[in-house]
Amino acid sequence: MELLYALLLGAGSVLATPWLLLLLWAICYDLIRTKMPPEFDHPLKLRAFYWAGIMLCTAGKICEFLGICRQLDVIRFAISFKKSKLDPSLFAKDLLFDGVPVRVYQPKAPSAGRRKGMLLFHGGAGMAGTIDFYQNICNIIAKKADVVLVSVGYGLSPEHRYPSQYKQCLAATVHFLKNAEAYGVDPSQVIIFGDSAGGNFTSVVAQQLTKRPDLPKLRAQALIYGGVQAMDFNLPSHVQNASMPLLTREDLLHFGLQYFVKDPALKVELLKGTHVPDDYRLKYRKWVNANNIPERFRHGYQEVPFAPYKPEIYKQVPELMEETFSSIFAEDHIIKQLPETLIVTCQYDVFRDDNLLYKKRLEDCGVKVKWFHAEMGFHGAMNFCDAGIFRFPSGVEIVDSIIDFVKSL
């Protein structure tokens with residue numbers, strides 16, 4: 001019996017040691033590379049989750065180095081374990097909308113008339129995230145807003161290269177607009193929304209739909225801390241939150257280049273702005289400019305000028321300057337046709353100022369905008385609206401702001 005106990009103890013030690021080393025590495029990495037402002041609430045909770053993320057990414061990198069699998073495969077595998085039960089007040093069905101996988105959530109309760117419809121384009125840098133991963137959020141919004149909600153499972157990069165993601169989101173939206181009545185939805189009351197990368201896809205899809213007079217117009221769009229420009233990575237929020245989990249500025253550049261399947265070493269040049277041609281700087285600086293951001297967000301900020309343009313850098317990443325990625329670059333006649341918009345920003349998010357600039361861009365073109373700012377929010381906060389011990393008040397506030405916006409339409 002003592003021998004068996006010793007063997008079990010030894011096996012347990014062997015199994016636990018790698019994870020303990022990973023945890024120690026994650027803590028050291030976090031303390032060296034990140035910085036949280038003293039006023040941020042629940043710092044230990046966020047750090048604990050960030051440690052888990054670092055451990056996961058490191059384990060994936062080790063697997064990739066050993067030739068076992070890609071780091072991305074490990075991350076996707078871990079994400080696949082997050083499964084939520086369907087709310088009993090809802091029906092859900094997995095379908096294909098013009099070849100794009102979707103899950104349609106419908107309230108079981110009868111409705112006096114046709115409901116509003118929503119399409120969700122999930123986040124995950126265009127490389128991770130699934131319909132299953134976002135089921136909790138869909139449950140809450142479909143139930144509380146009393147809408148038919150379509151969660152879109154677009155193909156992920158690198159298997160599906162840019163611009164595949166927004167095109168699949170667009171195809172699913174067009175299909176739903178054409179067939180809304182079959183799902184008990186008023187086709188004039190369709191809203192699209194997304195977080196992070198999904199917020200980017202939302203902005204692009206809304207712009208593309210202005211070119212389709214044959215379809216019902218969108219009722220509204222909601223952009224949840226989405227990126228809308230890749231011109232300037234030294235705006236106040238990029239500088240102030242450069243070391244803030246869960247998305248540091250370095251992470252943003254790394255994942256962005258990974259999404260486009262580009263050399264990660266280019267992030268040094270992107271940070272300096274050498275990828276921006278002179279004519280783009282002249283044309284778009286009026287929109288991507290720290291002076292367009294409310295003064296309270298610019299406290300202590302000093303503008304970082306662009307380094308001289310390098311054509312050889314631009315040629316490697318021309319996609320970054322396209323309107324179908326940097327959607328703030330769309331012409332006025334497109335912006336003016338956009339529907340009523342909800343923009344959600346988080347104080348401790350590198351993307352905060354992207355959204356503030358897009359807010360001003362829309363308002364200058366006469367688009368009605370509702371803005372919700374999460375004072376204690378951080379990138380990815382929405383996913384923590386119903387996460388047990390990792391639940392954050394800012395995540396609840398963001399989801400509630402979406403529900404209130406939809407109800408107000």
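The values are calculated or read from the model by the stated rules, or taken from the named source; none is laboratory data. The shown structure was predicted, so the numbers you read here are calculated from the model rather than taken from an experiment. As a convention, Cβ positions derive from the backbone with ideal geometry for all residues, glycine included, and neighbour counts pool all protein chains shown.
What to note about this one:
- Val150 meets all of the listed conditions (1) buried (at least 24 other Cβ atoms within 10 Å of the Cβ); (2) closer than 23 Å to Arg212 by Cα; (3) of a type outside the set (Phe, Trp, Tyr); (4) out of contact with any helix residue (DSSP H, G or I) (no Cβ under 9 Å at 6 or more places or on another chain) but one, namely (4).
- The residues in segment 363-407 that are within 25 Å of Ile335 (Cα to Cα) and touching a residue at least 12 places away in the same chain (Cβ under 8 Å) can be counted, and the count is 16.
- Top-ranked residue of segment 344-363 - restricted to ones that are within 13 Å of the chain's Cα centre (by Cα) and assigned to a strand (DSSP E or B), ranked as farthest from Glu295 (Cα to Cα): Val344
- Within segment 225-275, being part of a loop (DSSP other than H, G, I, E, B), farther than 29 Å from Ala48 by Cβ and among the small types (Gly, Ala, Ser) holds for Ala230, Gly273.
- Residue within segment 383-392 that is farther than 29 Å from Thr34 by Cβ and modelled with pLDDT of 95 or more present: no
- Selection within segment 86-123 - of a type outside the set (Gly, Ala, Ser) and modelled with pLDDT under 95: Pro110
- Condition met for Arg281 (closer than 22 Å to Ser203 by Cβ, over 24 Å from the mean Cα position of the chain (by Cα) and assigned to a helix (DSSP H, G or I)): yes
- Every pair of residues 6+ apart whose Cβ atoms lie under 6 Å, when the first sits in segment 261-288 and is more than 14 Å from Ala230 (Cα to Cα) while the second is surrounded by fewer than 19 Cβ atoms within 10 Å (Cβ to Cβ) and among the hydroxyl-bearing types (Ser, Thr, Tyr): Asp278/Tyr309
- Taken together, the residues in segment 166-190 that are under 19 Å from the mean Cα position of the chain (by Cα) and either in contact (Cβ under 8 Å) with a residue 40 or more places away in the chain or not assigned by TED's automatic domain parsing to the domain that holds Leu218 (or both) amount to 5.
- Picking from residues in segment 234-249 that are within 16 Å of the chain's Cα centre (by Cα) and farther than 9 Å from Val350 by Cβ, the one that is surrounded by the fewest Cβ atoms within 10 Å (Cβ to Cβ) is Leu246.
- Residue selected from segment 289-299 under the condition in contact (Cβ under 8 Å) with a residue 24 or more places away in the chain and in a loop (DSSP other than H, G, I, E, B), by the criterion surrounded by the fewest Cβ atoms within 10 Å (Cβ to Cβ): Pro294
- Residues in segment 300-315 that are part of a loop (DSSP other than H, G, I, E, B) and not aromatic (Phe, Trp, Tyr): Gly300, Gln302, Glu303, Val304, Pro305, Ala307, Pro308, Lys310, Lys315.
- Given (1) over 16 Å from the mean Cα position of the chain (by Cα); (2) buried (at least 19 other Cβ atoms within 10 Å of the Cβ), index of the condition Asp73 fails: (2)
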